[in-house]
Amino acid sequence: DSQDLHIFHDGSNSYVREVGTGNLFIESPNDIFIGKSSGGAENCIVAKPDGAVELYHDNSKKFETSSSGIIVNGAALVGGNIEINQDAYLKIGASNDFNFTHTGTDSYIQNVTGDLYIQNIGTNSDDIFIDAKDDINIRVQSTENAIKCIGNGAVELYYDGSLKARTDNNGF
């Protein structure tokens, strides 16, 4: 009676328009489909009761919600920051072989299979820099010192965990 809901066609396009003071609800006890039906069903959005919401591109599912978060099928082009909470991992690889995490105190890059390469191989590539506010420690076998670069101080070289050479203010 109050003409809050309009469903009409203007000769070119069709509209469902809520013009009153309330919200527009689309409800169903079953799946809700928004799609294209020209020449066969093509999903655009599917909403499942008590379940996932799926987004499609050309009838190919690209994004969906799940009970644990989201699932992206295909490349994700991000135009801003990706933020990951403390103690959460960015996991890469079929078995989460490569991880990035921050514990609130320390940050980690972890490779759990094969070798880890840091490569600077672009056409205009040149040097690789490792910068630290204080010391840089390179270890092997997890805890065995190999090279220590001490902030405002010495550089130490180790063999099998034993100090073998060191710089100081007089030289080597």
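The values are calculated or read from the model by the stated rules, or taken from the named source; none is laboratory data. Everything quoted here is computed from the prediction, not taken from an experiment. Virtual Cβ from ideal backbone geometry, glycine too; neighbours counted across all protein chains shown. Note: accessible area is taken over every heavy atom of the protein model, side chains too, but ligands, DNA and RNA are not part of it. Shrake-Rupley method; radii C 1.70, N 1.55, O 1.52, S 1.80 Å.
Using heavy atoms of the protein chains and a probe of 1.4 Å, the accessible area assigned to residue 44 is about 50 Å². Exposed loop sites, defined as GluC sites (Glu not before Pro) outside DSSP H, G, I, E and B with at most 15 other Cβ atoms within 10 Å, are absent from the longest region of the chain, namely 84-172. 3J(HN,Hα) along region 73-84: 10, x, 6, 10, 9, 10, x, x, 6, 10, 10, 10 Hz, from the Karplus curve 6.51 cos²θ - 1.76 cosθ + 1.60 with θ = phi - 60°, whole Hz, x for Gly and Pro.
Could you grab the Rg to Rh ratio for region 32-172? Cα atoms only, Kirkwood for Rh.
1.19
Of the heavy-atom accessible surface of the chain (probe 1.4 angstrom), what whole percent is carbon and sulfur? Answer for the chain is 48 percent, counting heavy atoms of protein chains only.
Looking at the square roots a ≥ b ≥ c of the eigenvalues of the Cα gyration tensor of region 92-172, which shape do they give, rounded for a/c under 1.5, prolate if a/b is larger than b/c, or oblate? Verdict is prolate for region 92-172.
The slack between residue 19 and residue 63, meaning 0.36 nm per residue of separation minus the straight C-alpha distance, is 12.8 nm. If you average the C-alpha positions of region 75-108 and of region 1-29 separately, how far apart do those two centres end up, in angstrom? Between the Cα centre of region 75-108 and that of region 1-29, the gap is 43 Å. The phi torsions of region 136-149, fed into the Karplus equation with coefficients 6.51, -1.76 and 1.60 and a -60° offset, translate into couplings of 10, 10, 10, 10, 10, 6, 6, 10, 7, 4, 10, 9, 10, 10 Hz, rounded to whole numbers, with Gly and Pro shown as x. Accessible area per residue for region 4-148 is 84 Å², calculated with a 1.4 Å probe on protein heavy atoms, without ligands, DNA or RNA. Does region 88-139 come out rounded, prolate or oblate by the C-alpha gyration tensor, with a ≥ b ≥ c the root eigenvalues, rounded set by a/c under 1.5 and, if not, prolate when a/b is larger than b/c and oblate if not? Taking the square roots of the gyration eigenvalues as a ≥ b ≥ c, region 88-139 is oblate.
Is region 1-69 best put as rounded, prolate or oblate by its Cα gyration tensor, with a ≥ b ≥ c the root eigenvalues, rounded for a/c under 1.5, and otherwise prolate when a/b is larger than b/c, oblate when not? Judged from the Cα gyration tensor, region 1-69 comes out oblate (a/c at least 1.5, b/c at or above a/b).
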